[in-house]
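Let me begin by presenting the structure, written as structure tokens, before commenting on it.
The values are calculated or read from the model by the stated rules, or taken from the named source; none is laboratory data. The structure presented is a predicted model; accordingly, all values stated were derived computationally and were not measured. Cβ placement follows ideal geometry from the backbone for every residue including glycine, while neighbour counts extend to all protein chains displayed.
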Amino acid sequence: MTYKYFLFYALVCILIGCNKDIRLDKIKGERLEINDSLVGVQDIEDFIKPYREHVNKDLDSVLAYSVETYSKTDGELNTAIGNFMADAVLEMSNPVFKSRTGKNIDIVMLNHGGIRSILSKGDVTARTAYQLMPFDNSVVVTELKGKSVKNLVKYLQQAKRAHPVSGVSIKLDKDYKLIEAKVNSETIDDNKMYYVATNDYLYNGGDNMSFFRDSDTLHVLDYRIRSLLIDYFTKHDTINAAMDDRFIKIN
């Protein structure tokens, strides 16, 4: 029994002795540069190689051909590449939306800053879609009354920027004052419900597009814009985008 008491006493002393006030005194950092001088692990490289080759083959398979090089800086209020992207979202998303709701998408609105690359003349691949849209943004459709659609038009009018749109036509005068705004060639009705497709980032207030939240009704299509572009390229063997009069300023 004495031996057991001794062990218990020793354990208590150790625990009390370890219960000290330990404080962080100093942090020391060291910069480790990652560059080409770092040697790879061959076993890992050999393991990854077939997967990398498979992914690159898929990404670089030719899906379509672009007749020109298109950039988001080509126009003031609408650009060929922006029109192409908005029209692609309308064309590829509408069948999905209609199959679920029986309704058609009236308007598409994206953002100028969301176009992250040029569309180069020549072969178009899946990699092209990743370059244009590297983010995981997906298409959503919200229901907006005409009054809110007019707020969308007002936003475009004040932004004076080539945000990609489809289904809507807007004419401004030389001072950027509104002359005319229509949806599907018809004057906007304040009380009519319009179905507006955008991406989840903009619906949640990105680029200060707060008008999307005027409605609580949201249809999530589970369709990433990047995947949509790949499907569009697969469907259309030639990309021949153009600027038009969907959003213009008349001097």
Practice prompt. Determine whether Phe211 is among the aromatic types (Phe, Trp, Tyr), in contact (Cβ under 8 Å) with a residue 24 or more places away in the chain and in contact with a Lys or Arg (Cβ under 9 Å, 6 or more places away or on another chain).
Written response: yes
Worksheet item: Would a scan of the range 90-101 turn up a residue that is among the hydroxyl-bearing types (Ser, Thr, Tyr) and farther than 23 Å from Asp190 by Cα?
Response: yes
Worksheet item: Quick check: is even one residue across the range 183-201 among the aromatic types (Phe, Trp, Tyr), surrounded by fewer than 17 Cβ atoms within 10 Å (Cβ to Cβ) and either touching a residue at least 40 places away in the same chain (Cβ under 8 Å) or in contact with a Ser or Thr (Cβ under 9 Å, 6 or more places away or on another chain) (or both)?
Response: no
Worksheet, complete the sentence: Of Gly82, Gly75, the only residue that is surrounded by 10 or more Cβ atoms within 10 Å (Cβ to Cβ), modelled with pLDDT of 70 or more and within 23 Å of Thr234 (Cα to Cα) is Gly82
Item to complete: Return yes when Arg213 is farther than 26 Å from Ala126 by Cβ, part of a helix (DSSP H, G or I), within 21 Å of the chain's Cα centre (by Cα) and of a type in the set (D, E, K, R) and no when it is not.
Response: yes
Response to the item:
Going through (1) outside any loop (DSSP other than H, G, I, E, B); (2) polar (S, T, N, Q); (3) more than 30 Å from Thr69 (Cβ to Cβ) one by one, Asn191 fails only at (1)
Fill in: Top-ranked residue in the range 155-179 [being without any contact (Cβ under 8 Å) to a residue 24 or more places away in the chain and surrounded by 12 or more Cβ atoms within 10 Å (Cβ to Cβ); ranked as farthest from the chain's Cα centre (by Cα)]
Gln157
Practice prompt. Filter the range 231-245 for residues that are part of a helix (DSSP H, G or I), surrounded by 18 or more Cβ atoms within 10 Å (Cβ to Cβ) and in contact with a strand residue (DSSP E or B) (Cβ under 7 Å, 6 or more places away or on another chain) and give the result.
Written response: Phe233
Discussion item. Looking at Val124, Val108, Val139, Val89, can you tell me which residue is more than 17 Å from the chain's Cα centre (by Cα), touching a residue at least 24 places away in the same chain (Cβ under 8 Å) and surrounded by 14 or more Cβ atoms within 10 Å (Cβ to Cβ)?
Written reply: Val124
